[in-house]
Amino acid sequence: MAFTIAIDGPAAAGKGTISKAVAAHFAYAHLDTGLLYRAVGRRMLDGVDPLEAATSLLAEDLEADDLRTPDVAQAASRVAVIPEVRAALVDFQRAFARRDGGAVLDGRDIGTVICPDAEAKLFVTASAEVRAERRFRELLDRGLETTFETVLADVRERDTRDMDRAAAPLLPAEDAVQIDTSGMSIDDAVAAAIAAVTQKGATQA
């Protein structure tokens, strides 16, 4: 039986962590759709045309070990504004969403464009400053040199690009449950998400 959980939100709001935890709790399959765009962005940095990269994307492209770098994140945000790239990746995401046994997808347009009929929708957010601090610490932990000011500017730039793009802009679905993680622990945020999804009828597989 298919049950789709759509989780959207801006960069570093915690939607990835929450999505993985929700998927594990209900024993559903999980797809970080941002990896699709990061993989396309990574290939664009290698000189491949974005649309060609999207239409020829392979599963192994999602496993590259450099998809979490700031350069790739910015490239992903740039290719994500290209309507033809988004269209090329829609079918893959929708097929994943309706797989038997349930699915959790996280991204920026899952509840609004990819899966508007998802049984459960969440919009996970946090202030730009909190998100930048999280990303800053993450980058330092991975040995990357940067400053908080640089990361904050990057977060705000991505927010503006994601929210202002013509194709599938970042915004909460009208029926999405919004969770602001600014002052929440990971455990509390996950618990809030699981409670919201359970209310929508999700059951453990």
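The values are calculated or read from the model by the stated rules, or taken from the named source; none is laboratory data. The model shown is predicted, which means the values in this text are computed figures rather than measured ones. A quick note on method: Cβ atoms are made from the backbone with ideal geometry, for glycine too, and the neighbour counts reach across all protein chains shown. Calculation scope for accessible area: heavy atoms of the full protein, side chains included, ligands and nucleic acids excluded. Shrake-Rupley method; radii C 1.70, N 1.55, O 1.52, S 1.80 Å.
Points to keep in mind about this one:
- Built amide H within the under 5 Å cut-off of Thr125, gap 5+: Ile179, Asp180, Thr181
- Average accessible surface for the chain: 47 Å² per residue, computed with a 1.4 Å probe over protein heavy atoms with every protein chain in place.
- Counting all C-alpha pairs of the chain, share separated by more than 21 Å (%): 51 percent
- Under a 5 Å amide H cut-off, with hydrogens placed 1.01 Å from N, Gly107 pairs with Ile7, Asp8, Gly9 among residues at least 5 apart or on other chains.
- A helix-only calculation puts the chain at -15500 deg cm²/dmol for mean residue ellipticity at 222 nm, using -39500 (n - 2.57) for each DSSP H run of at least four residues, averaged over all residues.
- Computed magnitude of the charge dipole of the chain (debye, nearest 20; Cβ of K, R +1, Cβ of D, E -1): 280 debye
- Principal semi-axes in Å for region 1-101 [√(5λ), Cα gyration tensor, largest first]: 24, 16, 12
- Stokes-Einstein D in µm²/s, Kirkwood radius over Cα pairs - region 19-73 at 10 °C with 1.306 mPa s viscosity: 132 µm²/s
- Cα point-scatterer Debye curve for region 153-205, base-10 log of I(q)/I(0) at q = 0.15, 0.19 Å⁻¹: -0.64, -0.87
- Distribution of pairwise C-alpha distances over region 108-205, 5 Å bins, in %: 2, 12, 17, 19, 19, 15, 10, 4, 1
- In summary, the lysines within cross-link reach of Lys200, defined as a Cα separation below 17 angstrom excluding same-chain residues under 8 places away, comprise Lys121.
- Residues Arg142, Arg43, Arg86 ordered from highest to lowest accessible area at a 1.4 Å probe: Arg142, Arg43, Arg86.
- Residues Asp91, Asp188, sorted by accessible area with the largest first, give Asp91, Asp188 [1.4 Å probe; ligands and nucleic acids excluded].
- Taking 17 Å as the straight-line reach from the Cα of Lys20, the aspartates and glutamates in range (excluding those fewer than 8 positions away in the same chain) are Asp8, Asp32, Glu63, Asp106, Asp187, Asp188.
- Along the chain, counting only GluC sites (Glu not before Pro) with a DSSP assignment other than H, G, I, E or B and at most 14 other Cβ atoms inside a 10 Å radius, the longest segment between sites is 1-144.
- Amide H contacts under 5 Å for Phe3: Gly101, Gly102, Ala103, restricted to partners 5 or more places along the chain or on a different chain, H placed in the peptide plane at 1.01 Å from N.
- Taking the chain and dividing mean pair separation by its residue count, relative contact order in percent (alpha carbons under 8 Å, at least six apart): 35 percent
- Most mobile of Thr55, Thr181, Thr125 in a GNM of the chain (Cα contacts under 10 Å): Thr55
- Mean-position separation - Cα centroids, region 12-46 and region 67-103, in angstrom: 9 Å
- In sequence order, calculated HN-Hα J values of region 183-198 (Karplus, 6.51, -1.76, 1.60; Hz; x Gly/Pro): x, 10, 6, 4, 4, 5, 5, 5, 4, 5, 5, 4, 5, 5, 5, 4
- For region 45-54, Karplus couplings with θ = phi - 60° (6.51, -1.76, 1.60), whole Hz, Gly/Pro x: 4, 7, x, 7, 4, x, 5, 4, 5, 5
- In order along region 106-114, the phi-based Karplus estimate (6.51 cos²θ - 1.76 cosθ + 1.60, θ = phi - 60°) of 3J(HN,Hα) comes to 10, x, 10, 9, 5, x, 9, 10, 5 Hz; Gly and Pro are listed as x.
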